[in-house]
Structure formats: C-alpha cells, structure tokens
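See below for the structure under consideration.
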Amino acid sequence: MKYALKERIGDQSLFCGRKQEMKLLMNWTQSIPREMAKSRALLGRRKCGKSAIMQRLFNILWTQNGRVIPFYFEVRDYQQWLLEFSDAYYRTFMSQFLSFKTRTVLSPNNRP
C-alpha cells in the first residue's frame, strides 16, 4: 500500500487492533458510489486513535484508486478567521484531489 498521506502513528506496523472499525468503514465506502451511504461520525475521547483510523482509510482509498476520492482534513481547536479556515480547507482539498488524480504522493509540506 502506498502512503500518500503521512500517518501520524509513525511506524505503520503500530496500527493494530482496529479490524472491526476498518471493516465497517470499508463497507461504508463501498456503498458510496451506489449512493447508498449515509453520513458517519467517528466519536471518541482524545488520543484513542480517531485520526489514525481516518488517515489509514485515506491511504487505503488513495491506493485503491477507485471511484471514491479520499479527503482528510483536521479542524484544529484554536481561534481562526473564516477566511483562514476556508483557505486551509481549499488548499488541502485541492492538493489531495490532484494527488489522487495524478497518482503523486503528497509531500510532507502538504500535510493538512
């Protein structure tokens, strides 16, 4: 698998014990092209692996190069102007979209 988005977990072998969650998310993504998927929320306490799961899902979908285009964006918990947020969101979206379409791995500088 290619790691288009650098995962914060570090060593990829440290990602473990999330088979049930990943299976649920993969089944969900398979229903997206048929327009049968509903929105999902991933809730949990701080530091329980939510970001790691979503980053891994991004990389799986990016590697599959299927009909679902992955997008990963973190909303940081600090005061910011709407313009600043919009700019970060748009730049992240465009860099990830172009990465997916051109099959070019994101550089560490483009990390959301």
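The values are calculated or read from the model by the stated rules, or taken from the named source; none is laboratory data. What you are looking at is a predicted structure, and each value in this text was computed from that prediction instead of being measured. For neighbour counting, all protein chains shown are included, and Cβ atoms are generated from backbone atoms with ideal geometry for every residue, glycine included. Heavy atoms of the whole protein, side chains included, go into the accessibility calculation; ligands, DNA and RNA do not. Shrake-Rupley method; radii C 1.70, N 1.55, O 1.52, S 1.80 Å.
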Put L61, L98 in order of accessible area, largest first, probe 1.4 Å, and you get L98, L61
Where only protein heavy atoms count, and the probe is 1.4 Å, what is the accessible area per residue for the range 16-102 in Å²? 77 Å²
Which trypsin sites (Lys or Arg not before Pro) in the range 53-101 sit in a loop by DSSP (not H, G, I, E or B) and have at most 16 other Cβ atoms within 10 Å of their own Cβ? R67, R76
D11: accessible area at probe 1.4 Å, nearest 10 Å²? 90 Å²
If a/c stays under 1.5 just call it rounded; otherwise compare a/b with b/c (prolate if a/b is bigger, oblate if not). Do that for the range 42-86, with a ≥ b ≥ c from the square roots of the Cα gyration tensor eigenvalues. oblate
Using only the alpha carbons of the range 1-67, what is the convex hull's orientation-averaged projected area in square nanometres? 4.9 nm²
Which value in deg cm²/dmol, rounded to the nearest 500, describes the helix-derived mean residue ellipticity at 222 nm for the chain, given -39,500 (n - 2.57) per DSSP H run of n ≥ 4 and division by the residue count? -14500 deg cm²/dmol
With all protein chains present and a 1.4 Å probe, how do C16, C48 order by accessible area, largest first? C16, C48
Given a 1.4 Å probe and the protein chains all in place, what does the accessible area of T63 round to, in Å² to the nearest 10? 50 Å²
Roughly how many percent of the accessible protein surface of the chain is carbon and sulfur, given a 1.4 Å probe and a whole-percent answer? 55 percent
Find, among the trypsin sites (Lys or Arg not before Pro) in the range 1-32, those assigned to loop by DSSP (not H, G, I, E, B) with at most 12 other beta-carbon atoms within 10 angstrom. K2, R8
Taking the C-alpha atoms of the range 16-102, how large are the radius of gyration and the largest Cα-Cα span, Dmax, in Å? 14.4, 39
Between L82 and S39, take the C-beta separation as r, use R0 = 22 Å, and let me know the FRET efficiency to the nearest 0.05. 0.45
